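Undergrad: Quick one: the structure is below, questions incoming.
Computed from the coordinates by the stated procedures, all read-outs in this text should not be read as laboratory data. The shown structure was predicted, so the numbers you read here are calculated from the model rather than taken from an experiment. All Cβ positions, even for glycine, are placed from backbone atoms using ideal geometry, and neighbour counts span all protein chains on display.
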Protein chains: 2
Amino acid sequence: MAKRNVTYQDIARYTGFSKTTISRFFNRPESVTPDHRKQIRDALDVLDYKSNKVARILANGQTEFIGLIVPNLYLGFYAELLNLFLNTYEKYGYKFIVFSGSSHEETERRYISELLSYKVEGLIVLSHTIPSIELASYGIPVVAVEREDRYISSVNTDNYSGAVQATELLYQCRCDICLHINSQDYDPQVPASARITGFTDVCERHGMDCRILPYTLGNSYDDLQTKVETIVEDIIASYPGKRKGIFCSNDTTAGIVLNHILRKYGHLPDEFKIIGFDGSPAARQAVVPISTVAQQTDKLVESAMELLVRQISEYATGASAREADSAGNTENAVNGGDSFSLKPEHRIIPPILMPRGTSRP
Amino acid sequence: MAKRNVTYQDIARYTGFSKTTISRFFNRPESVTPDHRKQIRDALDVLDYKSNKVARILANGQTEFIGLIVPNLYLGFYAELLNLFLNTYEKYGYKFIVFSGSSHEETERRYISELLSYKVEGLIVLSHTIPSIELASYGIPVVAVEREDRYISSVNTDNYSGAVQATELLYQCRCDICLHINSQDYDPQVPASARITGFTDVCERHGMDCRILPYTLGNSYDDLQTKVETIVEDIIASYPGKRKGIFCSNDTTAGIVLNHILRKYGHLPDEFKIIGFDGSPAARQAVVPISTVAQQTDKLVESAMELLVRQISEYATGASAREADSAGNTENAVNGGDSFSLKPEHRIIPPILMPRGTSRP
DNA sequence: TTGTAAGCGTTATCAA
DNA sequence: TTGATAACGCTTACAA
C-alpha cells in the first residue's frame, strides 16, 4: 500500500495531542475544544490524512457491510431490487458486497463464507440456492426477499392474492382454458409457488379448465426464450378455437409469449389473454401493454432494510448480553448454541393488479 | 460481535503450536508437517474457527476488494455489465463493493471516499459523474468503461465504427433522411459521442440529409419513454412521405421508437428504418427484431478486469519500490507526488452489426 | 477535556 | 519446520 499511510499517530505527533484525542475528534467532536478541533483539521489537510475503516472495523467490529446475493441480473426484477437496495446507502450508510448467485450450492456457500469472513453485519438473500435452515445457522441477521423463508425473516409479495387477481381477470375475460407458465423448480416453500395455488384455486372455484406448464430454469435469457416459445407453440396446437388465458409467472416470460404470438399472427387475436407478474417497465412498454401483477419493489426493499437493520441492532445488544453472560464460564464457549435466533418475522407486501391491453374482458 | 471470536491464539493454545504456525497452515500449508496439519485441521473443527479477513487486511494490506460504480441498473446494458463483473469472482477472487451512481458529484465523491477508506485495491467506473482527471488523482488503479477516460485507463466499444456501420445500413436502406436520437448531455470526451461523429460523417459522405435529435437524460424509464415518444411524433410530423432512417443511441430508445410506431400504425411501415445500439436481448426479442450494433459486453468486462488486475499488481510492486525508496528521506513523505500514474491504457472493443427486421434494405 | 495503554486478529521479520 | 515479537491503524476503558 504505497509508502506509509498517514495515521492518527502522525496527526498526534504533528499537533501535539494523543491518538485518543484524534480518535475523539472523529467520533465525538463535541468532546474536543473548538480550538483544538481547528488545529486537528489543519493537520489533516497538511498531512493529507485518509481514513482507514479497516482498522476501525478491527477495533470496534462495525463493518457497515451488508452482503447481498442475487440470482442474476438479466431479470429486470432483480436488477431493480438491487438498485433499490444500493440506494438505501443514503439512508442507512451500509455498503453492499454483492454476489451474483450461482445455482451450485457449494459455490454459493463459498460466497457466503467470504461474506462472513469480511464480517458483514447482515445478509440480504434473493438467491434461492441455499435453504433457509442453513442460512439461519450462520448466526447473523438474514432477510430473504421472495424466496423460501421458513427459518429466517423475509419480505414477500402476497403472491397468492396476486395470482388470484390475475386469474380472476382471465375469468372475466371469459377464457375457456387457463394456462399457467411457471418454473418447475419451485418447491412449495418458495413464496412464488403460491402463484400456482392462487391460480388453481380460482380456476376450480369458477370451474375453469386449467393447466400448469412448467419449464426448467436456465441461466440466460436466450434459454428462457427458446423454452417459452416451445410452450406457446404447444398451447396453440393443443387448444384450437378456445379462448386461452395465459398467466405467466413473470413479465419477461409474458413478453416472450406476447411477441411470439404477435409475430405469428401480426396482431394479438382475441383468443389469447395474457397476464404477467412483477410490474416491470418492459411490460407497460410492450407494443400491446401487458397486464401484470405489479410487485411493489420499493416497499419490498424498504421493509427488508427495516427488518435487517432492526435485527442487526437487536443482534448487537443481544451479543453484548451474551458476552457478559459467558464471561464466567468460558469452558462452555466452544459449543455455545449462540447461533442468532430472534424469531423470524415475515412481512407481506400486497401486489397491485395492472389490467392492460393483453387482457381486456 | 457475539461472544469472543475463535482466533489463531485459541487454535495455538489448543494444539500447542504458536500463532505463527497456524498462520502458515493457512498461507503455506507445505511448510507445516502433514501430521501437524492434521492436528490443526482437527482443532479448527472442534473450535469451529471462522476466518477473519478484516484482521488479515490490516496486517497485509490486501483487501481483495474492487469498488464498482454504475450509473443505474434500469438500463439493461449496465445490469449486464455488472453481472459479468460480479461473475469474474470465480476467476480473480475479487469481491465487489457496489454503488449505484448518483448524478450529484458530491454524492459520488462520498461513495468514492468510502471505497477508498475500505482500501479497495482498484476501481471500475461506469458512471459518468466524476471527471477522469479527478479519478486519476486518487492514486489507485482505475478502469473506466464506456465513459470519459482521458486521464485513466479504459475499455470502450469502438463507437465510431459502430455508428458508421449503423448509418451505412440506413444508407443501404435508401433513406431520404437520417435521424439520430441521442442524449444531449454528452461532452465530446465521452466515447459514446463518437456515435454522433460516425453518424454525421457517413451522412455527409453519402450526401444524405441528417439531423441530431437530442433529449435530456432523466433518471427513470418512464421519463425516457415520454421524451422519446415526443421526438418520434415530431419526426412523423416533420418528414411525411420520406423514408426516415432512425439511429438510436441505445436499444432501449430504439424499442420505444419501434413500439410507438407499431402502436400507431399497427405495423412497421416501410418508410421507417430503425437501428439501435448495445445489442441487448430486448432488441432481438422485440416483435420486429431490432437491428442493433452489439457491444461485446463479455469482452468489455474481460478486458477491463485484465487491465485493472495488471495495474493492481504493477501498483503493488511500484508501491514497495517507492516505499524502499523513501525510507531514507521521510521528510518528503508528506507532499510525495506519489499519486499512481502508470500511463493510461485504452482498449477498444469492436462492436458487431446485427442487421434485423427493423432495417431491411 | 485529554492521555495511557491494552486490545482487535491477522501477517511479517527474525531467530532458533 | 517452528516460535517470539513487532507491526497494521483504530477504539476504548480507565486515569488524570
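Undergrad: Nearest 5 is fine: what % of DSSP beta bridges in the protein assembly as shown come out antiparallel, could you say?
TA: In the protein assembly as shown, DSSP labels about 10 percent of beta bridges as antiparallel.
Undergrad: Checking the a/c ratio against 1.5 first, then a/b against b/c, what shape does the Cα gyration tensor give for the protein assembly as shown?
TA: oblate
Undergrad: Looking at the stretch B:16-60, which trypsin sites (Lys or Arg not before Pro) are in a loop (DSSP not H, G, I, E or B) and have at most 16 other Cβ atoms within 10 Å?
TA: B:K50
Undergrad: I would also like to ask the following. Net charge near A:L47: determine it from the other residues with C-beta under 10 Å of the C-beta of A:L47, scoring Lys and Arg +1 and Asp and Glu -1.
TA: Counting the neighbours of A:L47, the net charge comes to -2.
Undergrad: Quick check for me: using +1 on Lys/Arg Cβ and -1 on Asp/Glu Cβ, what's the dipole size of chain A about its Cα centre, in debye to the nearest 20?
TA: Numbers: 38 positive and 44 negative charges, 210 e Å.
I would put it at about 1000 debye.
Undergrad: Under the rule of -39500 (n - 2.57) per DSSP H run of 4 or more residues, summed and divided by the residues of chain B, what mean residue ellipticity at 222 nm is obtained, to the nearest 500 deg cm²/dmol?
TA: -14500 deg cm²/dmol
Undergrad: Under the classification rounded if a/c is under 1.5, otherwise prolate if a/b is larger than b/c and oblate if not, where does the stretch B:159-295 fall, given a ≥ b ≥ c as square roots of the Cα gyration tensor eigenvalues?
TA: Cα axes put the stretch B:159-295 in the rounded bin.
Undergrad: How far, in nm to one decimal, is B:R263 from itself in the other copies if the label point is set 7 angstrom along Cα toward Cβ? Shortest first, please.
TA: Nearest to farthest, the other copies are at 2.2 nm.
Undergrad: Could you give the C-alpha radius of gyration of chain B expressed as a fraction of 2.2 N^0.38 Å, taking N as the number of residues it contains? Don't skip to the answer; put the middle values down first.
TA: On the way: Rg = 26.5 Å, N = 361, 2.2 N^0.38 = 20.6 Å.
Expressed relative to 2.2 N^0.38 Å, the Cα Rg reads 1.28.
Undergrad: Put +1 on the Cβ of each Lys and Arg and -1 on the Cβ of each Asp and Glu in the protein assembly as shown; which of B:G122, B:Q165, B:H267 then has its Cα farthest toward the positive end of the dipole?
TA: Going by the charge dipole, the pick is B:G122.
Undergrad: A follow-up question, please. Using +1 at the C-beta of Lys and Arg and -1 at the C-beta of Asp and Glu, which of B:A237, B:F96, A:P240 has the Cα lying farthest in the positive direction of the dipole of the protein assembly as shown?
TA: Checking the options against the dipole of the protein assembly as shown, the answer is B:F96.
Undergrad: Charges at C-beta only: +1 for Lys and Arg, -1 for Asp and Glu. How large is the resulting dipole of the stretch A:159-295 about its Cα centre, in Debye rounded to 20?
TA: Here the stretch A:159-295 has a charge dipole of around 380 debye.
Undergrad: With a ≥ b ≥ c the root eigenvalues of the C-alpha gyration tensor of the stretch B:8-60, is it rounded (a/c under 1.5), prolate (a/b larger than b/c) or oblate?
TA: Oblate, because a/c is 1.5 or more while a/b does not exceed b/c.
Undergrad: Could you tally the net charge around A:E64, taking each other residue with its Cβ under 12 Å from the Cβ of A:E64, Lys/Arg +1 and Asp/Glu -1? Let's see the in-between values first.
TA: Details: positive: A:K53, A:R56, A:K95, A:K119; negative: A:E121, B:E114.
Computed value for this residue: +2.
Undergrad: Projected area of the stretch B:38-126, taken from the Cα convex hull and averaged over every viewing direction, in nm²? Don't jump to the answer; show the numbers that get you there.
TA: Values: hull surface 31.4 nm².
Projected over every direction and averaged, the Cα hull of the stretch B:38-126 covers 7.9 nm².
Undergrad: Could you pull out the trypsin sites (Lys or Arg not before Pro) across the stretch B:111-174 that fall in loop regions by DSSP (anything but H, G, I, E, B) with no more than 14 other Cβ atoms inside 10 Å?
TA: The qualifying sites are B:R150, B:R174.
Undergrad: For A:I133, place a label point 7 Å from Cα along the Cα-to-Cβ direction in every copy; what are the distances to the other copies, in nm, shortest first?
TA: The projected label point of A:I133 is separated from its counterparts by 6.2 nm.
Undergrad: Under Stokes-Einstein, with the Kirkwood radius over Cα pairs standing in for Rh, what whole-number D in µm²/s applies to the stretch A:165-246 at 20 °C and 1.002 mPa s? It would help to have the intermediate numbers written out before the result.
TA: On the way: Rh = 13.5 Å.
Translational diffusion coefficient: 159 µm²/s.
Undergrad: While we're here: Could you give the distance between the Cα centres of the stretch B:181-199 and the stretch A:1-55, to the whole Å?
TA: 45 Å
Undergrad: Could you work out the local net charge near B:T21, counting Lys and Arg as +1, Asp and Glu as -1, over the other residues with Cβ closer than 14 Å to its Cβ?
TA: +4
Undergrad: Let me ask something additional. With +1 on each Lys and Arg Cβ and -1 on each Asp and Glu Cβ, and nothing else charged, work out how big the dipole of the protein assembly as shown is about its Cα centre, in Debye to the nearest 20.
TA: 420 debye
Undergrad: For the stretch A:276-285, just list the computed ³J(HN,Hα) in residue order, Karplus coefficients 6.51, -1.76 and 1.60, θ = phi - 60°, integers in Hz, with x standing in for Gly and Pro.
TA: x, 8, 2, x, 6, x, 4, 5, 5, 8
Undergrad: Next question. In chain A, what percentage of the DSSP-assigned beta bridges are antiparallel, given to the nearest 5?
TA: Of those bridges, close to 5 percent are antiparallel.
Undergrad: May I pose another question? Could you please state, rounded to a whole Å, how far the C-alpha centre of the stretch A:212-228 is from the C-alpha centre of the stretch A:82-147?
TA: Computed from Cα coordinates, the inter-centre distance equals 26 Å.
Undergrad: What are the nm distances, shortest first, from B:E106 to its equivalents in the other copies, labels at 7 Å along Cα→Cβ?
TA: The projected label point of B:E106 is separated from its counterparts by 5.1 nm.
Undergrad: Beyond 18 Å between alpha-carbons counts as too far, so tell me which of B:K38/B:K91; A:K119/B:K119; A:K95/B:K95 fall in that bin.
TA: Going by Cα-Cα distance, B:K38/B:K91 fall outside the 18 Å limit.
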